[in-house]
Amino acid sequence: MCLQESELVRSHLIPASIYDYCRTANASPVRVGDGVVMPTDRQTQAYLLCAPCEGILNRGGETWTNTKLATVEQTFPLHDLLMNAHAAFEDANGGIYFAAGNPEFDFQSLTHFAMGIFWKASVHSWKGGEKDPRIELGPYENPIRTWLRGETRFPKNICLTVTLSRPDRTLVTINEPIQTTHKQWHSFVLQVPGVLFVLNTGKTIEADMRATCFYVNPSHPVFVSEDITGQWNQRLGKHYRESRKSKGYLESLAKQKGDKLK
């Protein structure tokens, strides 16, 4: 990240403390991706950054964000902070809240946290034996890098949206950055317990979409949406049913059920 020759340390794509945060006495964190949905203690890591650059990411957003995500006990500190902010719109399915209404809601740290993970996914494969980065940020990779280091302003033609689920409806899962299909601009998705980040890049991003940018909009809008998180949960459910590990497990359950009925 500093573009300097230095000794590398082991870096995590998703901060290591989030795995510990998601772990309970009886269950490991649930990981989604690469055709697999499964509880695992295995963490995605590689020798990528030097210690000072790791420190930039830790201080920039990870330390603040890591302890504010949703838990299996249905606590969700980030949601609690947001509920103390101004609601621009509310209904039974959620609403739009302005994080700027609560000075304890650190929009800078939350943005740095998400952008750091997206950036790390764009400069390394995070898979043994593969060279291509996990996602392609194209011309936006370097502006994001320099912003993370505090050297430049937030990049143009980038829109980061933040959506929270309700504490009693959230899935305590980790979904590493992926690229989704969009005809007009590029979209990337990252999900950590209770929070869905969507990063849109491109000059053709519509004005309405730009207005929802969590960082650029001075009100720092955050969505709480049963519809958006519900659709994502359905997608995870479909992914679960179609994943390699899950298929075998579900087929085994079906066979056991069939044997009992004979």
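What follows is calculated from the coordinates using simple rules that are stated; it is not laboratory data. Because the structure is predicted, anything quoted here is derived from the model rather than measured. Because the Cβ atoms are built from the backbone with ideal geometry, glycine has one as well, and the counts that use them run over all protein chains shown.
Computed from phi, the 3J(HN,Hα) profile of region 45-53 under the Karplus parametrisation 6.51, -1.76, 1.60 (θ = phi - 60°) reads 8, 6, 7, 10, 10, 7, 4, x, 5 Hz, with x in place of Gly and Pro.
Taking other C-beta atoms within 10 angstrom as a stand-in for reagent exposure, 56, 178 fall in the order 178, 56, fewest first. Distance between the 7 Å Cα→Cβ label points at residue 47 and residue 206: 4.8 nm. Each peptide in 8-14, 127-133 receives the mean, over its residues, of other Cβ atoms within 10 Å, and ordering these scores from highest gives 8-14, 127-133. The peptide list 194-202, 60-68, 182-190, put in order of mean Cβ contacts within 10 Å with the highest first, becomes 194-202, 60-68, 182-190. Here's how it looks for residue 44: its modeled amide H is under 5 Å from those of 13, 14, which are all 5 or more places away or on a different chain.
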